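Below: the structure, in structure tokens.
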Amino acid sequence: MKLTSKSGKHIDTLLVPTRRRVAVARLELGMYVCELDRPWNETNFAFQGFPLLKPAEIRALRNCCEYVYVDDTRRVRLQHDTPVPVVGPRVRKPIERPHHALSTEVEEARAAYLDGSRLIEQVLADVQHGRVIDTRACHGAVKRNLASMLRNESAMLWLVRLKNKDLYTSLHCLSVSIMAMGFGNHLGLQDDKLQLLGMAGLLHDVGKMRIDPEILNKPGKLTAQEFEVIKRHPVFGLEALRAQPGIPEAALHAAYGHHERLDGTGYPLGSGPAQISYMTRIITIVDAFDAITSHRAYDCARPVQSAFEILRSASGRQFDEDLVSEFIRWLGAFPVGTLVELHTGEVAVVVEKHRQYQLRPRVVVLRDAAKQRCTPRYLDLAQITVDEEGAPYRISVGLPDGSFGLHLADPELQAILHPETLADFESS
């Protein structure tokens with residue numbers, strides 16, 4: 001094709017620059033970036049204009065820009081010219097909010113959690129029997145849980161660790177809802193998006209109510225035929241929710257797509273990255289983490305570090321790599337409810353994460369260096385706290401639940417979360 005100038009001469013269109021603005025979430029390998037939304041000298045890029053040849057270059061642009069300009073006439077054809085998946089907005093700093101002491105927030109968090117657990121049990125029963133679910137109550141519960149999370153997320157994060165395997169499905173839905181909102185807040189999402197995430201998490205597994213309980217709760221390994229039945233629960237979930245009033249689209253996507261994988265090997269459709277929404281990617285990660293770290297009829301809970309390794313090993317294939325990194329960064333190396341061994345040999349439980357220093361949470365010591373029961377002692381590892389020899393306290397290693405007779409669900413540990421006990425600890 002030719003263009004004609006005013007002088008009548010033909011101009012080859014390939015010589016005419018073609019610049020267009022592209023959001024960084026939609027960049028693809030091979031595109032030629034010719035201009036940024038900010039001066040080049042405010043970035044770490046060595047060249048003013050370059051082709052995108054590696055996924056890392058796209059991630060770098062997503063970390064510093066909202067949009068760029070690309071020159072389509074200089075696009076590079078790669079041997080495998082495939083688009084980089086859209087992963088949604090770049091991580092932003094969480095909104096600053098008033099922070100409540102754990103001792104102040106724990107009772108409201110507990111009340112909200114208990115009400116939420118009763119509600120989700122009713123919702124699942126309604127789905128099982130084909131009744132209309134109370135979506136208004138669901139929105140209310142999500143909003144209440146979010147408010148508590150935003151005041152002090154450690155209270156809710158403790159409660160989600162206390163699941164009874166006999167109530168796994170219902171409490172799993174509630175836990176995924178709560179954790180997804182906390183993670184979304186870490187990612188810098190606005191409150192309306194956090195509420196959508198909460199609804200998506202709360203309702204993502206409702207399709208399991210249409211599965212034969214003998215298969216769903218089978219303690220041993222499923223047969224190939226039984227697994228095919230299990231794989232139908234996302235379809236059942238979509239069908240159940242689509243018939244309900246007031247269900248947000250994000251919840252429909254999560255119910256149908258939380259077992260899809262980026263490499264196209266998931267179910268029910270085997271969707272690729274372009275079909276898996278940002279919120280569904282979040283729910284998928286939280287869903288897997290909560291399942292791995294929970295006691296279920298067919299599997300024992302595994303330590304948090306094991307769950308992190310599983311998420312990392314499946315990054316890029318099953319899970320969004322960037323979101324997995326941020327999820328681990330959000331929870332921290334030693335999440336709330338984790339048993340840890342200190343450098344002194346003492347055993348403690350993490351009761352509150354620190355907002356800046358993830359390796360220095362607040363802990364309560366429950367076993368002495370000989371691993372014997374001792375008077376509980378509160379330590380804020382972010383403060384200068386030293387042992388008898390003057391060395392600062394630090395965590396040596398995380399421990400699995402049940403170590404040295406300490407189980408999260410036992411009264412001994414539950415007593416720690418009493419407001420008066422926490423208030424005494426915090427004032428000491």
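The values are calculated or read from the model by the stated rules, or taken from the named source; none is laboratory data. These numbers were taken from a predicted model, which means no experiment stands behind them. Every residue, glycine as well, gets a Cβ built from its backbone with ideal geometry; the counts of neighbours run over all protein chains shown. Surface accessibility is based on the protein's heavy atoms, side chains included, excluding ligands, DNA and RNA. Shrake-Rupley method; radii C 1.70, N 1.55, O 1.52, S 1.80 Å.
When Lys and Arg each count +1 and Asp and Glu each count -1, what net charge do the other residues less than 13 Å away from ILE215, Cβ to Cβ, add up to?
Numbers: positive: LYS208, ARG210, LYS218, LYS221, LYS231, ARG232; negative: ASP212, GLU214, GLU226, GLU228.
Residues near ILE215 contribute +2 overall.
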Open item on the list: Pick from LEU194, LEU27, LEU241 the residue whose mean-square fluctuation is largest in a GNM of the chain, springs joining Cα atoms under 10 Å.
Closed with: LEU27
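Heavy atoms only, 1.4 Å probe, whole protein assembly: order GLU260, GLU389, GLU96, GLU412 by accessible area, highest first.
Details: GLU260 10, GLU389 170, GLU96 140, GLU412 55 Å².
The most accessible residue leads, giving GLU389, GLU96, GLU412, GLU260.
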Open item on the list: Let me check I've understood the local charge: for ASP71, count other residues with C-beta under 14 angstrom from its C-beta, Lys and Arg +1, Asp and Glu -1. What total comes out?
Closed with: +2
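Please report, as a whole percent, how much of the solvent-accessible surface of region 344-428 comes from carbon and sulfur atoms (probe radius 1.4 Å). Working shown, then result.
Working: 2370 of 4670 Å².
Solvent-exposed carbon and sulfur of region 344-428 make up 51 percent of the total.
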Task: Rg and Dmax of region 202-340, Cα atoms only, in Å - done: 15.4, 46
TODO: Mean Kyte-Doolittle of at least -0.5 plus a Cα span of 30 Å or more along the axis: flag which DSSP H helices in the chain meet both, please.
DONE: 102-128
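Starting from the exponent 0.38 and prefactor 2.2 Å, build the expected Rg for region 106-227 from its residue count and divide its actual Cα Rg by it. Don't skip to the answer; put the middle values down first.
Details: Rg = 15.0 Å, N = 122, 2.2 N^0.38 = 13.7 Å.
Compactness ratio reported: 1.10.
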TODO: State, as an integer percentage, the relative contact order of region 328-428 based on alpha-carbon contacts under 8 Å between residues 6 or more apart.
DONE: 23
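Once you charge only the Cβ atoms, +1 for Lys and Arg and -1 for Asp and Glu, what is the size of the charge dipole of the chain about its Cα centre, to the nearest 20 debye? The partial results should precede the final answer.
Values: 52 positive and 53 negative charges, 338 e Å.
Roughly 1620 debye for the chain.
With every protein chain present, what is the per residue accessible area of region 200-318 (1.4 Å probe, Å²)? Before the final figure, lay out the partial values.
Numbers: 5220 Å² over 119 residues.
Heavy-atom SASA per residue in region 200-318 reads 44 Å².
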Open item on the list: Looking at the chain as a GNM with Cα springs under 10 Å, which of VAL123, VAL397, VAL349 has the largest mean-square fluctuation?
Closed with: VAL397
Open item on the list: Just want the answer: with Cβ charges of +1 for Lys and Arg and -1 for Asp and Glu, which residue in LEU262, LEU379, VAL350 is farthest toward the dipole's positive end in the chain?
Closed with: LEU262
Task: Selection from ILE292, GLY332, GLN305, by position along the positive dipole direction of region 272-397 (Cβ) - done: ILE292
Task: region 175-234: radius of gyration and largest Cα-Cα distance (Dmax), Å - done: 15.5, 43
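Tell me, what is a quarter of the convex hull surface for the C-alpha atoms of region 205-269, in nm² with one decimal?
Details: hull surface 19.5 nm².
For region 205-269, the mean projected area of the Cα convex hull comes to 4.9 nm².
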TODO: Would you mind telling me which residue in VAL70, VAL386, VAL286 has the biggest mean-square fluctuation in a Gaussian network model of the chain, where springs connect alpha carbons within a distance under 10 angstrom?
DONE: VAL386
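Under 8 Å for C-alpha pairs, at least 6 residues apart: give me the relative contact order for the chain, rounded to a whole percent.
Values: 726 pairs, mean separation 49.0, N = 428.
This gives 11 percent for the chain.
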TODO: Work out how far the C-alpha atoms of region 331-399 reach from end to end along every principal axis, then list the three figures in whole Å, largest first.
DONE: 30, 24, 18
Task: Furthest towards positive pole of dipole, LEU124, LEU150, MET31, structure part the chain, Cβ charges - done: MET31
TODO: Would you mind counting up the charge near PHE425? Only other residues with Cβ under 12 Å from its Cβ, with Lys and Arg at +1 and Asp and Glu at -1.
DONE: -3
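State the dimensionless ratio Rg/Rh of the chain (Rg: radius of gyration of Cα atoms; Rh: Kirkwood radius). If you can, show how the numbers build up before the last one.
Numbers: Rg = 25.0 Å, Rh = 23.9 Å.
Rg divided by Rh gives 1.05.
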